[in-house]
Amino acid sequence: MTTDPESPSGSDPVLVGSDLQLSFGRTPALRGAGMSVHAGEMVAVMGSSGSGKSTLLHCLAGILTPSSGSVLHHGREITTMPDQQRSALRRDEFGFVFQFGQLVPELTVAENVALPLRLSGHRHADGRRRSALWMDKLGVSDVADHRPGEISGGQGQRAAVARALVADPEVVFADEPTGALDSIAGEQVMALLDETARESGTAVVLVTHESRVAAYADREVLIRDGAVRQQESVR
Amino acid sequence: MTRRSSARARLGDLALGIRLAVGGDRTPWGRLLLTAVGIGLGVGVLLLAASVPTMKQARDERQNARQEIAGVLSHYPHSSRYQDSHDPSMLVTRASTEFRDQRIQGRALEPLSPDAPVPPGLQRIPGPGQMVVSPALRELLRGSGGELLKPRLPDHVVGVIDKEGLISPNELFYYTGTTNLSEGGTTVAAVYPGDSPSTNTRSLSGQMWIILSFGVTVLLVPIVVFVVSTTRMAEAARERRLAALRLVGADGKQIRRIASGEALVGAVFGVLLGWAVFLGGAQLVPHITLLEFSTFASDIRPVWEFAVLVTLGVPAAAVITAQAAMRRTIIEPLGIVRRTKPSSRGIVWRLVPMALGVVGLLLVGASSERISQLQIPFLASIVLLLIGVPLVLPWAVERVVRWSSARSVTWQLALRRLQLSSGTAARSVSAIAVVLTGVIALQTVLATSVATFQAQAHDGPTHQVATPSRHEVKVRGTLEHPGKGMAELADALEGLPSTGEVDGTAGVRFAVPEQQRGPRRSRYTGATIVDCATLLERDVVTRCSAGDVFQSPEHSRRTPSGAIRPGERLRATSTYHGSAGLEGTPGEVTTWRAPAELKPFEVSESRQYRYDMSYLLITPQAAENIPWWARNVELGLDFTASASPDAIERVRNVAAEYLEFASVRRISGYSPLPSDDAMVFRLIRYGLLLGTLVAFALIGCGLFVTAAEQIQERRRPMAVLAAVGARRRTLGWSAFLQNGVPMLVAVAVSVVVGLSLGVLVVMVTSLDNLAFDPLGLLGLVGIAAASVLVVTGLTMPALRRAMHPEGLRTE
Ligand SMILES: Nc1ncnc2c1ncn2[C@@H]1O[C@H](COP(=O)(O)OP(=O)(O)O)[C@@H](O)[C@H]1O
Ligand SMILES: [Mg+2]
C-alpha cells in the first residue's frame, strides 16, 4: 500500500490525509487511503464508482470524520477539531463544487455566490461586489437574479465554481463537477475552473472518473476499494 | 476584509434565515400563508380571550355606576336607618317588562332636590312624562312592534342614553320621570346625598368558572400546539436546504440562527395578522349579538401584559421550537442524516406530564379549598394532561405501525412510509388530538353540569303560589294600587279580544321572625289567599267558613320555615325583594297574625291545581290586614284559537296597568330568560363548537399541506412506482392510510385520555350526576374521519400529477 504524503513538487503540502479508514455500517468505504494536496495544484482523484472517491474527499474537507487516520491542514489535525472550527475552515479556506444540488434553491444565483461571504460575516456591499466580480469571470452575470431552477446545468455549475472561489479559498473540492453535464458544457466548466483556480493560486481536488476531465489536473491519484493504488504526475 | 461584529453577524444569520423563508417564486407561499393564518387566528383568539377581563371590568364599572343611582334597593325611604338622616335627594323605582322574549329594564326617577344625581349616560333627569331610552330600545319603539309596546312605555322620548350608561349596545333600558313615588310606593329606593355606591359585582358560579376556564384552556392549548407544529412543517425540505448551507461552512450555531430566522417569518406574519383579526373582530363585535350577548367595541381591550406576552411570546415560541428541533436532528453537511435505524421511542418519560397532571388534579380535589381559589394548579394540571397527548402520540403511532403487518402493496407502502417517519405523521395529527382530548373532556363536564342542573331543578321545593297549569299564559305581579284589585285586572284581561276564561289567586310571602327561628336569617313561607267557594269546589277541604286558615301537616317537613304556630306573628314581604326586607310605608300594618286555630288539609300531589301546594291557605276574611302590596297576584288565562302571536303583548299591556313587576309568560314552551349562568353556558357550548370547527379547519389545512409536500418531495419514487405499474388506486389508498392510521391512533388516544380527564375533573370538582355526551363524541370522531377523507381527496390531483411519467425527468 503506497500512501505517500510526499509531493512530487516538494513544497509544503496544504492538506495531508494519511491512513484513512471509514466504514458505513458494515460497508468499508476507506481502507487506509491517503493523499496530499499542495498549494495551487490540481489533483484528480480517479477510480470506479463506489471505490471511495467521494468519501476520501469528504474526509479531506472535514465533512466526514474518519474512524482512524489523520488529516492535517498546515500541520493541524482537523479530524479532532470541534465542529465549529471545521465549519469555519470550510467557510474560509475551502470551496466546494458538487455534481448538482449544492445551490440553495430559494436563493438567487447572486445570493448563492455571495453565501460563503455572508456566512462568514462580510458586509453586504462587500459581498455583492466580490460576487459580481466572480460571476463576471465565470460568465453567469446575466443570470444573477435568476434562481437555480431557472438556469441551465452548465450555468449552475459555473455559478457553483464562482461560489467556491468567492471567499478566496486555499483548496476547492470538486466532486464530479461535470458529471451531470453534456460534454460541451462540461468542457466549458472545466476550462473556467482550471483558469480561475490557477489565476488565484487555489488548489483543486477534482474527483472524476472521466479521463478527459482528469486531463486538466497536474497529477492523478487512483483509488480502488478504498485505498490509493497509484499516484502519478501527468504534467 | 471588512468583517462585522459578532452581534451583527448573528443578525446577519437571522436575516439569511428570513431571506430563505421568503425566497421569491420558490417561496412556499402556501405554507407560509397557512402558518400565518393559523397563528393569526390563534393570536386573534388569544387577544380576544385576553380582553374578557377588561370587558367584564368595564361592564361591571358601568353597572355599578348605574346601580349607585338607579339600582339601590337597599335604601328604603322609610327605612329606620335613614329616619334621622338627611332628606333623600331622589326616589327611584325599578320597572321591567318583556317584549317578544326580550327583557326591557327601566327606572322611574323622582328628583326631590336640585342636587339629585344624574344617572350615568344622561344629560339630565327626565321630567315627568318624559323618557330617555337606550338606542336599542329606541329602535324597538320605532319599529313594527312599537305600537304594542307603547302602552307600557307611554312617555315621550326626549333623549338617548349614552354608552357610559349602558352595559352593552343591545341593552333595552330606559329612565322615565315621575312625580308619584313620594306618595309611597312599595318598591321605592331613595338616593341620599353623599351615598356611597353599593358595588355589586356579580361573579360567576364556581361551576361556571370551571367550565369557562376549562373551555378557554382547551382551546388555547391547541393554538400553542399549532404554532409549534407549523414551525416543523416541511422538515425534509428544510433539512436539505440547511445541509447545503452546512456544506459551504455554516456551523451548528449559525444553522440554528438561520432556522430561527425562518421560523420567525411565519410567526411574525401570524402575529401581525392576529392583531388585524383582533382589531377587525373588535370592530365587528358590536354588530353581533350572540345569544343575547353583545358588547361595545371600546370594551374589547386586551389586558396589556397579556397582549405583550402574546405578541412577543408567539415568535419566541416559534424560535424556541425551531431551536429544539435543530438540537435533535443534527444537520450534517451531506444533508442526509442517515440514521441506521430509527431508535425505538421510550414511553416512560412521555407519560411524565400526564402523570403530573393527574397527580395535580387529584391534589386539587383533595384540597379543602374551593376550586376557584386553586385556579393555577387546576388549570396547570389540565394543561399538563393535554400536553401529554402529543408526547404519547408518536409512541402510539409507532407501536400500531409495528404491530400491523403488511398484507397488500397498499398497506406495505403506507406502513413503510409511516415506519420511516412516524414522528412526522404523529406531529401532523397532534393538534387534532389535543383539541379532541380537550373537547371530549369538556363535553363530559358539560353533560354532567347539565344533568346536575336538571337534578337540582327537579327537587327544589316550590314555595310560590302556582297557578293552574292547564293555562297557556301565566300573569304574575304585585298590585300597584290599593284601588286596582285583582277582580278588575281579571275583568280587563277577559275583555281582551283573544282571551278566554281568566282564573286567579293571590299569594303572600311571609317572613317568619328570626328571633324565634334561629339566629339572624329570616325564613320564608308562602300562603295562598283563596275563598271558601273555590276550596270546596276543588275538593281541597270539605268544610270551610269565612275567616278560616288551613295548614297542611306537611308544612313542617316541606318548607324551610317549618309549621306556623297558632297565634304566631308573621311579616308580610313582597316576593320581589328577596331578603332585603321591605318595611313598607309608615303606619301601614305589615304583620299578620295567625288565628288561634289552624285547620288541617291534605295536599294531594295528584291534584290538577298546583296552587294548593302552598301549605298555608288563608280565606280572604282572614287576610284583611295583609297589605295590598304584599299580595302577589297570579292569574292564568287561555287564548282563543284565533289569537295572534302578539296577543301576549296585549296581556302584558293590561298587566302593566294593574301590576308592579308584572311578568307575563307562556307556560307551554316556557323558556326563562337566560340567567347569567345559563347564558355563559350556552356561549361556551357554541364557542366550543365554533372553536372546534375552526381548529379542525386549520389542522385540516396543515394536514393537506404536509401531505401535498410529501407527494411533491416524493415525486420521483411515485413516478417510478407508476412506471413499474402501480395503479393510481393503490397509491391513493396508501396515501389515505398514511393519513388515516395516525388519525385513528390520535382519535383512540384522545377518546381514552379525554374521557378520563372529564371524569377526573368531574370528580375533582365534586359535581354529581356524572354524564357523558355520546352523540357529541360521535360527532367529533366523525369530523376527524371526514377531515382525513377530505385531505386525502384534496391531495389526489397532486398525486395524479406526481404519477405522471414527467416526474421521472425532473431533477
Ligand atoms: N452515507 C453512506 N452510507 C452508507 N454507505 C455509503 C455512504 N456513502 C458511501 N457509501 C458506500 O461507501 C462506498 C464508497 O462510496 P463513495 O465514496 O461515494 O464512492 P465513489 O464516490 O467513488 O463512487 C460505496 O460502497 C458506497 O456504497
Ligand atoms: Mg462519488
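Just so you know, all these numbers are worked out from the coordinates, no wet-lab data involved. Predicted, not measured: the structure shown is a model, and the values here were computed from it. Neighbour counts are summed over all protein chains in view; Cβ atoms, including those assigned to glycine, are modelled from backbone coordinates with ideal geometry.
Tabulated data for the structure shown
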{"quantity": "Gain in span if fully extended, B:Ala785 to B:Gln283, counting 0.36 nm per residue against the direct Cα distance", "calculated": "177.1 nm"}
{"quantity": "Amide H contacts under 5 Å for A:His38, placed H, 5+ residues apart", "calculated": "A:Val14"}
{"quantity": "10 Å Cβ neighbours from other chains, averaged over peptide B:250-262", "calculated": "3"}
{"quantity": "Residues with amide H under 5 Å from that of A:Asp19, placed H, sequence gap 5 or more", "calculated": "A:Gly34"}
{"quantity": "Segment B:Arg100-B:Thr591, length gained on full extension (0.36 nm per residue, minus Cα span)", "calculated": "172.9 nm"}
{"quantity": "Ranking of B:Trp403, B:Trp275 by count of other Cβ atoms within 10 Å, fewest first", "calculated": "B:Trp403, B:Trp275"}
{"quantity": "Sparse-neighbourhood loop sites, trypsin sites (Lys or Arg not before Pro) in the range A:23-119 - DSSP loop, at most 12 other Cβ within 10 angstrom", "calculated": "A:Arg26"}
{"quantity": "Residue mean of other protein chain beta carbons inside 10 Å, A:113-120", "calculated": "5"}
{"quantity": "Karplus 3J(HN,Hα) series, Hz, for the range A:33-49 with 6.51 cos²θ - 1.76 cosθ + 1.60 (x for Gly, Pro)", "calculated": "6, x, 6, 10, 10, 9, 4, x, 8, 10, 10, 9, 9, 10, x, 6, 4"}
{"quantity": "Net +/- balance of residues flanking B:Cys544 in space, Cβ distance below 9 Å, scoring K and R +1, D and E -1", "calculated": "0"}
{"quantity": "Computed FRET value (nearest 0.05) for B:Ser663 with B:Lys150, which takes r as the C-beta separation and R₀ as 22 Å", "calculated": "0.65"}
{"quantity": "Proxy reagent accessibility, fewest Cβ within 10 Å first, across B:Ile39, B:Ile648", "calculated": "B:Ile648, B:Ile39"}
{"quantity": "Contour minus Cα-Cα distance for B:Asn769 and B:Leu693 (0.36 nm per residue)", "calculated": "24.5 nm"}
{"quantity": "Prolate/oblate/rounded label for the range A:17-90 (Cα gyration tensor, a/c 1.5)", "calculated": "oblate"}
{"quantity": "Most to least packed among A:39-46, A:130-137 [average Cβ atoms within 10 Å]", "calculated": "A:39-46, A:130-137"}
{"quantity": "Exposure proxy ranking, count of Cβ atoms within 10 Å, fewest first, for B:Phe736, B:Phe278", "calculated": "B:Phe736, B:Phe278"}
{"quantity": "FRET efficiency, A:Ser23 to A:Glu77 (Cβ-Cβ, R0 22 Å, nearest 0.05)", "calculated": "0.60"}
{"quantity": "Cβ-based net charge around A:Ser152, under 11 Å, with every Lys or Arg adding one and every Asp or Glu removing one", "calculated": "-1"}
{"quantity": "Total formal charge among the other residues, if their Cβ is under 9 angstrom from that of A:His209, Lys/Arg +1 and Asp/Glu -1", "calculated": "-1"}
{"quantity": "Shielding by partners - mean other protein chain Cβ count within 10 Å, residues of A:83-90", "calculated": "5"}
{"quantity": "Protection proxy ranking, peptides B:524-535, B:243-254, average beta carbon neighbours within 10 Å, highest first", "calculated": "B:243-254, B:524-535"}
{"quantity": "Built amide H within the under 5 Å cut-off of A:Ala227, gap 5+", "calculated": "A:Arg31"}
{"quantity": "Debye, to nearest 20: dipole size of the range B:90-177, +1 on Lys, Arg Cβ, -1 on Asp, Glu Cβ", "calculated": "140 debye"}
